[in-house]
Every structure is written in C-alpha cells, then in structure tokens.
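Readers should treat all values here as calculations from the given coordinates under stated rules, not as data from a laboratory. All values derive from a computational prediction rather than experimental measurement. Neighbour counts run over all protein chains shown; Cβ positions are idealised from the backbone, glycine included.
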Amino acid sequence: MEQSSAMRARLLAIYDDVERRTRATGEAHAWWPCRRGCDTCCRRLADVPRLVRAEWDLLEEGLAAVEPEVRAAILARVAALDAAERAGQLPRHVTCPMLDEREGACLVYAHRPGACRTYGFYVERELGLHCELVTAAVENTAASVAPVVWGNQQGVDYALARLAETAEAPLPLTAWLRSSSSSSCESPSPEPLEPRPVPSSPSSEI
C-alpha cells in the first residue's frame, strides 16, 4: 500500500507539471484550439489508448465513479475494441471509448491518462504524434504571436515508465481491462522497456 501511495503521488506530480504547462500555453495563446468541445484527437487515435499501471489504477477509480449505465457503455466499447484488436481489424482511426460523443468531452476527465493530458501541447513530430489542428493554428498565427514553448513528450514518457520500481512499457487499455476482469493483481502481458534517454537540459523538463 505504501509503495502504491508513493507511486500515486509521483503520478499526480507529473500530471500537475503537465497541467501547469498546458494551462500556461492556453493562457498565452487564446487561439489555441484545445478546448472543451474539441474532440478531434479523441476521435482519431492511432491505436488503443496505452497506459502504465499507476495510470490504470487512477483510471479504474474514474470508471468506478461514473453512473452504472455510463460505465457499462464504456466497457462495451472497450470490449468491441478488444475484439477488433485481436482480429487485426482496428479501424485506421480509433475513437476513445471514454469519449462522450454528443458533448465532445471525456467521461472520466479528472482520471484520464497522461497521453490525453499532453496531446496537442507536447510533440513527437518524428513519430507523427502531433495535432494537425494545433500545427495549422500555430503556422497561421506565427508571425503575430510569441513563440510556442512545446512540452517534452519524451520526458513525460520516461517519467511515467519509471513510476514503478522496474521500468514498464505502457499497455493497451484493452489488456488492463482484461486483467481487471480476471481479478489479476499482475500487470497483463508484461513487456520489458528500454525508455528513450531523457534529453539533456534544458529540454529535459516535461
């Protein structure tokens, strides 16, 4: 329990750092498109959401807190993704199962994984992991605004991977849910991880 509490504290500290940076970016650039109601990234995921153990534990609390019918709908969508994933039939763009498609908002917002918190504000351009809406907005206003300070996604990924005593790779939401359904206390399909080295200062900040 003590180890779990310490891991949770470290996770929330990472999320707090991300929140400060994203809030500062939004306040500095009023035209930034990442606002409530913009759900483009939630509807165009490249894969099933992935997260580490501490993130899953927090997300599981969020799922337990929503109304039973909402939770049932989310779990049904995750199950459908799991079936498609196993059959090798995932669509090109995956819609997040935790998206309220009518409102364009996350149903478990306070408990959402780190990738959801950083997307649009943190970038990995060499992997194509950046929001095209944000990129277009930045390019269209670049001449008249202060430079954008992007977050360091590699730093966040490294920090999340090191929350546990042994570095862990993020696993698909579908795998975590299968593990939870089987009442397993172990991480599903554990994978060894060699995190990318955190860049040296000043870009080592997350």
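Assorted remarks:
- Couplings 3J(HN,Hα) of the range 10-24, computed from phi: 5, 4, 5, 5, 4, 4, 5, 4, 5, 4, 4, 5, 5, 5, 4 Hz, in residue order, whole Hz [Karplus 6.51 cos²θ - 1.76 cosθ + 1.60, θ = phi - 60°; x for Gly and Pro].
- Taking amide H as placed 1.01 Å from N in the peptide plane, LEU171 has its amide H under 5 Å from the amide H of LEU51, VAL52, each at least 5 places away in sequence or on another chain.
- Likely footprinting exposure, THR40, THR166, fewest C-beta neighbours within 10 Å first: THR166, THR40
- For the range 107-114, 3J(HN,Hα) computed residue by residue from phi via the Karplus equation (6.51, -1.76, 1.60; θ = phi - 60°) reads 7, 10, 3, 5, 10, 5, x, x Hz, glycine and proline entered as x.
- Euclidean distance between Cα centres, the range 157-178 to the range 25-94, Å: 16 Å
- Phi-based couplings in Hz for the range 40-51 (Karplus 6.51, -1.76, 1.60; Gly and Pro marked x): 4, 5, 5, 9, 10, 5, 7, 7, 4, x, 10, 7
- Segment ALA87-ASP47, extension gain: residue separation times 0.36 nm, minus the distance between their alpha carbons: 13.0 nm
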